[in-house]
1. Where a ≥ b ≥ c are the square roots of the eigenvalues of the C-alpha gyration tensor, would you call region 90-159 rounded, which needs a/c under 1.5, or, failing that, prolate if a/b is larger than b/c, or oblate?
2. Which one, 59, 43, 67, has the greatest fluctuation when you compute a Gaussian network model over the chain with C-alpha springs under 10 angstrom?
3. Here are a few candidate values for Rg and Dmax of the Cα atoms in Å: (i) 17.5, 54; (ii) 16.9, 51; (iii) 15.0, 46. Which one was actually calculated from the structure I just gave you?
4. Of 95, 84, 65, which has the largest mean-square fluctuation in a 10 Å C-alpha GNM of the chain?
5. Only Cα pairs within less than 10 Å get springs; with that Gaussian network setup on the chain, which residue of 48, 86, 130 has the largest fluctuation?
6. How do 77, 152 rank when sorted from fewest to most other Cβ atoms within 10 Å of their own Cβ?
7. For region 8-154, what is the relative contact order in percent, using Cα pairs closer than 8 Å and at least 6 residues apart in sequence?
């Protein structure tokens, strides 16, 4: 089996995971960002994140692009257009930020093991009625449910 190597963004995330209370929105490092203040992130989302943040998340999460576009509710043709334009729209940026937040919590649940987090995130889960966390996290309501399940698992509560 090939050894899994982590990216610099994943390394930064892992370091921040250790002190996340002090860092704030630590999960944005999975997007390749190094701004953690909520007001800065809000301004970036309103302006539209650079397309590169999508590419960074795809690389750092190892979620296949065919599934990522579903998570972000972005048709492939729209995603190709955003690549040419160089930026996502505000609503798309918000969904990307949500995806990074939820996936980061899965990585934290698996104590920095990206492969385990990616497998869990993309696999059918009985607690979600047989859907995957990725499918659920495509809406804010579903993302909250996935985060609630992660919190229960972190505290050893049966789901």
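FYI, it's all coordinate maths here, none of it is from the lab. Note that the structure is predicted; figures quoted are calculated from it, not measured. With ideal geometry, Cβ positions are generated from the backbone for all residues, glycine too; neighbour counts draw on all protein chains shown.
1. Values: a/c = 1.66, a/b = 1.34, b/c = 1.24.
It comes out prolate by the Cα gyration axes.
2. In this elastic network of the chain, the residue with the biggest mean-square fluctuation among 59, 43, 67 is 43.
3. Label of the calculated value: (iii).
4. In the Gaussian network model the winner is 84.
5. Checking each option, the largest mean-square fluctuation is seen for 130.
6. Details: 77 9, 152 13.
The most exposed by this proxy come first: 77, 152.
7. Values: 171 pairs, mean separation 29.3, N = 147.
Averaging sequence separation for qualifying contacts and normalising by length gives 20 percent for region 8-154.
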